[in-house]
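Visitor: Before anything else, here's the structure in question.
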Amino acid sequence: MESKTMHRANVVWTNFCRFALGIVFIFSGFVKADDPYGMVYKLQDYFVAFGWTDFMPSFMPLFLSCLLAVFEFTLGVYLFFGIRKRLTSIAVALVMLVMTPFTLYLAIANPVSDCGCFGDALKLTNWETFWKNIVLLVFALWLFKHYRLVVKFISKKNQWIISMYGILYSVAIVSYCIFYLPIFDFRPYYIGANIKEQMSIPEGEEPPVYDTTFILEKDGVQKEFTLDNYPDSTWTFVDSRLHLVKEGYVPPIADFSLRLYDTGDDVTDFILSEPGYTFLLISPSLGDADDGSIDLINEIYDYSMENGYPFYCVTPSPEEEVEQWKDRTGAEYPYLIGDETVLKTVVRSNPGLVLLKEGTIINKWSFQNLPDEYALNGRLEEIPLGQIQQMPLTHRVGIVFLWFIVPLAVFTLLDNWYHLYQVRKNRRAQGA
């Protein structure tokens, strides 16, 4: 009796570990598939931190981003449905055995601010990621030892159907989000967001308080000073550090800034308060920007000029890259300076187009699906393009979830029905 109870407990715990791991891998893979360029930027941070940029091919970050998304999502599907139990348990154990010490290194050395395993959907510190991986490693090792106790949802003969659907589904999500931008925008620059409001501190909230420490040097000796005891000019500035003194409210957007390219004057408030519509062509790097849609971009610029809508190109690129872009594309629009990291956050495309109305993001496009003359068939105030047309979040969740779960549920039910049908058929044959 005791052994049966222990066996049942082991079965329950093993399948709990399997489902927990499956959900984590499916979620991690999906958010990477939803924002492939977000993972590209994170991988580039890793390459810079480890000094790998010189020998890393330019296509590698996007290739690895897509590969990671499909691999994690598919592995999660395998776990959830009990497909190839032994092979899947080995793969999960190997992944966690590699990632756990790697995240310990990230937590200690801190070469990047966060690992990026859940993208912008769920940001964890490096230490939080490490402790999360410790738990997952325990689950993975238990599953590796007791994989035979995993309850299968699909017969061995039809496992390939679920496998192929999981792969094709994740590839479809990655492809869609590269072409059309992420389905779920977890960043503060989502369609419908007012940038000024996202930058403001609500009434009653207090900002965090920081204390600045200055490191100065004199006669080969370095010392730390504050504003209260800052020394005379005989000391040479070396570095400065910010120390958090008091926690406070940090607005979702804290570093959005626009400056005139020629003079450097700050025009952030002017642009965000501009009455009516404003087009922003966003490029984190004009030297790497795709110019395949430049004819459409120039047509949109002509349209904006004809209808009196301001149009700016926002980039941190140096003057030589701006001039090369002008020569290559014939662009006549004015330029603004923006922070590279911020621009990568605003829109996951290089270049990408953002339509503002008094600081509110009305729409965003990648360079691969820019609006054409058929969409720009009137003034923005009078056509659908000038209105927020983002599908409600619940509808997007529903569509993505149903396209994933309904076919898999149908396959599973049909497989189980066919299995029961065969069992009953064999029993009747034996009875006869």
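Visitor: Quickly run through region 166-192 and pick out the residues that are surrounded by fewer than 17 Cβ atoms within 10 Å (Cβ to Cβ) and either at positive phi or within 18 Å of the chain's Cα centre (by Cα) (or both).
Guide: Step one: list which residues in region 166-192 are surrounded by fewer than 17 Cβ atoms within 10 Å (Cβ to Cβ), which gives 167-168, 171-172, 175-176, 179-180, 186, 190, 192.
Within region 166-192, VAL171, ALA172, SER175, TYR176, PHE179, TYR180, PHE186, TYR190, GLY192 qualify.
Visitor: GLN389 is checked against (1) under 29 Å from the mean Cα position of the chain (by Cα); (2) within 30 Å of THR263 (Cβ to Cβ) and fails just one. What number does that condition carry?
Guide: (2)
Visitor: Among what's in region 306-339 and is surrounded by 14 or more Cβ atoms within 10 Å (Cβ to Cβ) and charged (D, E, K, R), pick the residue that is farthest from PHE256 (Cα to Cα).
Guide: Only one residue tops the list, namely LYS326.
Each row is one residue, and each column tells you yes or no for (1) farther than 17 Å from LYS132 by Cβ; (2) touching a helix residue (DSSP H, G or I) at 6+ places or on another chain (Cβ under 9 Å); (3) among the polar types (S, T, N, Q); (4) touching a residue at least 12 places away in the same chain (Cβ under 8 Å).
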site: MET39; (1), (2), (3), (4): yes, yes, no, yes
site: SER58; (1), (2), (3), (4): yes, no, yes, no
site: LEU62; (1), (2), (3), (4): yes, yes, no, yes
site: ARG84; (1), (2), (3), (4): yes, yes, no, yes
site: VAL95; (1), (2), (3), (4): no, yes, no, yes
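Visitor: For region 214-229, give me each residue that is more than 30 Å from PRO251 (Cβ to Cβ) and modelled with pLDDT under 80.
Guide: The one that is more than 30 Å from PRO251 (Cβ to Cβ) and modelled with pLDDT under 80: ASN229.
Visitor: Right, another one. Does ASP239 satisfy being out of contact with any His (no Cβ under 7 Å at 6 or more places or on another chain), in the same structural domain as VAL322 (by TED's automatic domain parsing) and more than 30 Å from SER58 (Cα to Cα)? Working first, answer last.
Guide: On the way: out of contact with any His (no Cβ under 7 Å at 6 or more places or on another chain): yes; in the same structural domain as VAL322 (by TED's automatic domain parsing): no; more than 30 Å from SER58 (Cα to Cα): yes.
In short, no.
Visitor: Evaluate region 375-389: report whether one residue or more is in contact with a helix residue (DSSP H, G or I) (Cβ under 6 Å, 6 or more places away or on another chain), crowded, with 16+ Cβ neighbours inside 10 Å and not basic (Lys, Arg).
Guide: Yes - at least one qualifying residue is present in region 375-389.
Visitor: Can you find, within region 23-65, the residue that is modelled with the lowest pLDDT among those that are among the acidic types (Asp, Glu) and part of a helix (DSSP H, G or I)? Give the derivation first.
Guide: Taking region 23-65 and keeping what is among the acidic types (Asp, Glu), we get 34-35, 45, 54.
Now narrow it down to the ones that are part of a helix (DSSP H, G or I): 34, 45, 54.
On the way: ASP34: 94, ASP45: 87, ASP54: 80.
Once the filter is applied, the top-ranked residue is ASP54.
Visitor: Can you tell which of ASP120, ASP211, ASP114 is at pLDDT below 90, surrounded by fewer than 16 Cβ atoms within 10 Å (Cβ to Cβ) and outside any helix (DSSP H, G or I)? Spell out the reasoning first.
Guide: On the way: ASP120 fails: surrounded by fewer than 16 Cβ atoms within 10 Å (Cβ to Cβ); ASP114 fails: surrounded by fewer than 16 Cβ atoms within 10 Å (Cβ to Cβ).
Unique residue meeting the criteria: ASP211.
Visitor: Take TYR303 and tell me if it is surrounded by 15 or more Cβ atoms within 10 Å (Cβ to Cβ), aromatic (Phe, Trp, Tyr), in contact with a Phe, Trp or Tyr (Cβ under 6 Å, 6 or more places away or on another chain) and under 27 Å from TYR374 (Cα atoms).
Guide: Numbers: surrounded by 15 or more Cβ atoms within 10 Å (Cβ to Cβ): yes; aromatic (Phe, Trp, Tyr): yes; in contact with a Phe, Trp or Tyr (Cβ under 6 Å, 6 or more places away or on another chain): no; under 27 Å from TYR374 (Cα atoms): yes.
For TYR303, the condition - surrounded by 15 or more Cβ atoms within 10 Å (Cβ to Cβ), aromatic (Phe, Trp, Tyr), in contact with a Phe, Trp or Tyr (Cβ under 6 Å, 6 or more places away or on another chain) and under 27 Å from TYR374 (Cα atoms) - is not met.
Visitor: Which residues, taken from region 197-246, are within 33 Å of the chain's Cα centre (by Cα) and among the hydrophobic types (A, V, I, L, M, F, W, C)? Reasoning before the result, please.
Guide: Our first condition is that a residue be within 33 Å of the chain's Cα centre (by Cα); within region 197-246, this holds for 197-212, 239-246.
Listed by number, the residues that qualify are MET199, ILE201, VAL209, LEU242, LEU244, VAL245.
Visitor: Any idea how many residues of region 151-184 are in a loop (DSSP other than H, G, I, E, B) and at pLDDT below 90?
Guide: Residues flagged as in a loop (DSSP other than H, G, I, E, B) and at pLDDT below 90 within region 151-184 amount to 5.
Visitor: Kindly indicate the residue of region 358-417 that is small (Gly, Ala, Ser) and modelled with pLDDT of 85 or more and also farthest from PRO275 (Cα to Cα) among those meeting that condition. Even if it seems obvious, please write down each step before you answer.
Guide: Keep residues of region 358-417 that are small (Gly, Ala, Ser), which gives 359, 366, 375, 378, 386, 398, 409.
Remaining after also requiring modelled with pLDDT of 85 or more: 359, 366, 375, 378, 386, 398.
Values: GLY359: 9, SER366: 25, ALA375: 22, GLY378: 18, GLY386: 14, GLY398: 36 Å.
Checked region 358-417; the qualifying residue farthest from PRO275 (Cα to Cα) is GLY398.
Visitor: Under 15 Å from VAL314 (Cα atoms), outside the structural domain of ASP120 (by TED's automatic domain parsing), surrounded by 12 or more Cβ atoms within 10 Å (Cβ to Cβ) and hydrophobic (A, V, I, L, M, F, W, C): does that describe VAL354? Give the steps one after another, and end with the answer.
Guide: On the way: under 15 Å from VAL314 (Cα atoms): yes; outside the structural domain of ASP120 (by TED's automatic domain parsing): yes; surrounded by 12 or more Cβ atoms within 10 Å (Cβ to Cβ): yes; hydrophobic (A, V, I, L, M, F, W, C): yes.
In short, yes.
Visitor: When you go through (1) part of a strand (DSSP E or B); (2) not assigned by TED's automatic domain parsing to the domain that holds ALA375 one by one for LEU281, which number turns out not to apply?
Guide: The number of the failed condition is (2).
Visitor: Among (1) among the basic types (Lys, Arg); (2) surrounded by 16 or more Cβ atoms within 10 Å (Cβ to Cβ); (3) in the same structural domain as ARG18 (by TED's automatic domain parsing), which single condition is LYS152 missing?
Guide: (2)
Visitor: Another question, then. Regarding TYR105, is this residue of a type in the set (Phe, Trp, Tyr), out of contact with any Asp or Glu (no Cβ under 7 Å at 6 or more places or on another chain) and within 28 Å of THR412 (Cβ to Cβ)?
Guide: The answer is no for TYR105.
Visitor: Regarding PHE404, is this residue more than 30 Å from MET199 (Cβ to Cβ) and either in the same structural domain as ILE161 (by TED's automatic domain parsing) or surrounded by 13 or more Cβ atoms within 10 Å (Cβ to Cβ) (or both)?
Guide: Yes, satisfied.
The values are calculated or read from the model by the stated rules, or taken from the named source; none is laboratory data. Computed from a predicted model, the values in this text were never measured in an experiment. Don't worry about glycine lacking a Cβ; one is built from the backbone with ideal geometry, like all the others, and counts go over all protein chains shown.
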